[in-house]
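The block underneath contains the structure these notes are about, expressed in structure tokens.
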Amino acid sequence: MVTVRAPATSANLGCGFDVFGLALERPADIVRVERAEETTIEVTGVGEQYIPTEPPKNTAGVVAEELGTPAHIRINKGVRPSSGLGSSAASAAAAAVALNELYDCGLTRRELVRVAAEGEAAVSGEAHADNVAPSILGGFTMVTDDAITQVEASIPVVACLPEIVVSTRDARRVVPQSVDIDELVDTVGNAATLTAGMFRDNPELVGTGLEDGSVTGSRASLIDGFDAVRTAALDAGATGVAVSGAGPSVLAVCHDDGQSAVASAMLDAFSDADVEARAYPTAVG
Ligand code: HSE
């Protein structure tokens, strides 16, 4: 039997649409696997009622099929489904790492990123490795078709999850299909600034680089209270704010020891907009 904990993740980080991702110290999914004749899946925890247990419809089940490693898979969800915090990716990532060890497959962590992304693709229709990469590798990751790059980083953040459901399909539909050259220049500059900030563990640079007009701007309208929450977080000391993944979670980058004030301000702003929410003061881990 093998048990693996895979963390929640936040993709995009504003300027890094479908490329950047980071691992959060919490929340997390815990997956336990045991060898079996055929794959069966049991789900407990947050949002368990929304998660299919038929292996071909479950990201962990698809990973078991991809690896040729039948198992009884027990998933304890700590990451709410449809949260923008990489819920299905966490289950796929944990299953890939656990099954690789259980069956001694010998795949590297980077190879497991591609396997876990296939698990996500089979269930959600599109393979975005920007969540599975940080869940498996930790830290800050950059994923392209040709390369997976990982940087250890230590940055305080708050992930604030409102009780709103935003489908990834809707969130992708509102993203503009083209940008003008000025926007492109800004985005490249922000991506470079953010990356430098991750290398230096510098929350000012990371927060500054988080700025992005096109993706965050277009998705903000799907999250009730987003503008007020963003303003409240910045007023409370956050260095930058973005939609986490496809939303509805909102990610704020903080200074050391700044998470409590930022988390309270974000919760108050959601409450003023009549939206229930919970906050995870955490860090890139
Ligand atoms: N990069 C993806 C998006 C993450 O923002 O749509 C969700 O799969």
Exercise. Could you grab the pairs with beta carbons closer than 8 Å, sequence gap of 6+ or different chains, first residue in the range 169-181 and in contact (Cβ under 8 Å) with a residue 24 or more places away in the chain and β-branched (V, I, T), second one exposed (fewer than 13 other Cβ atoms within 10 Å of the Cβ) and assigned to a loop (DSSP other than H, G, I, E, B)?
Key: V174/S221
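Does E54 meet the test of being over 23 Å from A147 (Cα atoms), surrounded by fewer than 19 Cβ atoms within 10 Å (Cβ to Cβ) and free of Cβ contacts under 8 Å to residues at least 40 places away in the same chain?
Working: over 23 Å from A147 (Cα atoms): yes; surrounded by fewer than 19 Cβ atoms within 10 Å (Cβ to Cβ): yes; free of Cβ contacts under 8 Å to residues at least 40 places away in the same chain: yes.
It is true that E54 is over 23 Å from A147 (Cα atoms), surrounded by fewer than 19 Cβ atoms within 10 Å (Cβ to Cβ) and free of Cβ contacts under 8 Å to residues at least 40 places away in the same chain.
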Exercise. Name, by its number, the condition in (1) at pLDDT 95 or above; (2) assigned to a loop (DSSP other than H, G, I, E, B) that does not hold for P176.
Key: (1)
Quiz item: Does V31 count as closer than 30 Å to A252 by Cα, touching a residue at least 60 places away in the same chain (Cβ under 8 Å) and touching a strand residue (DSSP E or B) at 6+ places or on another chain (Cβ under 8 Å)?
Solution: yes
Self-check item: Residues (within 14 Å of the ligand (Cβ to nearest atom), crowded, with 24+ Cβ neighbours inside 10 Å and outside any helix (DSSP H, G or I)) located in the range 129-151
Solution: T141, V143
Exercise. Give the residue that is surrounded by the fewest Cβ atoms within 10 Å (Cβ to Cβ), with candidates limited to residues of the range 214-240 that are away from the ligand (no atom under 16 Å from the Cβ) and under 17 Å from S83 (Cβ atoms).
Key: D224
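Just to verify a result, which residue in the range 71-103, among those that are more than 16 Å from the ligand (Cβ to nearest atom) and in a loop (DSSP other than H, G, I, E, B), is surrounded by the most Cβ atoms within 10 Å (Cβ to Cβ)? Lay out the reasoning, then the answer.
Step one: filter the range 71-103 for residues more than 16 Å from the ligand (Cβ to nearest atom), giving 71-78, 94-103.
From what's left, in a loop (DSSP other than H, G, I, E, B): 78, 103.
Details: G78: 19, Y103: 17.
The qualifying residue surrounded by the most Cβ atoms within 10 Å (Cβ to Cβ) is G78.
One line per residue, one yes/no per condition, for (1) at pLDDT 95 or above; (2) assigned to a strand (DSSP E or B); (3) among the polar types (S, T, N, Q):
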| residue | (1), (2), (3) |
| --- | --- |
| V4 | yes, yes, no |
| S10 | yes, yes, yes |
| L13 | yes, no, no |
| R26 | no, yes, no |
| D29 | yes, yes, no |
| R32 | yes, yes, no |
| E38 | yes, no, no |
| V43 | yes, yes, no |
| Q49 | no, no, yes |
Quiz prompt | Residue list for the range 113-127, restricted to those being within 13 Å of the ligand (Cβ to nearest atom), at negative phi and surrounded by fewer than 24 Cβ atoms within 10 Å (Cβ to Cβ) | solution = A121, V123, S124, E126, A127
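Among residues belonging to the range 202-213 that are within 16 Å of the ligand (Cβ to nearest atom) and touching a strand residue (DSSP E or B) at 6+ places or on another chain (Cβ under 8 Å), point out the one that is farthest from R173 (Cα to Cα). Reasoning before the result, please.
In the first step, residues of the range 202-213 are kept if they are within 16 Å of the ligand (Cβ to nearest atom); the result is 210, 212-213.
Add one more test, that the residue is touching a strand residue (DSSP E or B) at 6+ places or on another chain (Cβ under 8 Å), and what stays is 210, 212.
Details: L210: 21, D212: 17 Å.
Filtering first and then ranking leaves L210.
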Quiz item: Which of the residues that make up the range 34-51 are surrounded by fewer than 19 Cβ atoms within 10 Å (Cβ to Cβ) and either free of Cβ contacts under 8 Å to residues at least 40 places away in the same chain or aromatic (F, W, Y) (or both)?
Solution: A36, E37, E38, T40, E42, T44, G45, V46, E48, Q49, Y50
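The values are calculated or read from the model by the stated rules, or taken from the named source; none is laboratory data. This structure is a prediction, so every number in the text was calculated from the model and none was measured. Ideal geometry is used to build each Cβ from the backbone, glycine not excepted, and the neighbour counts take in all protein chains shown.
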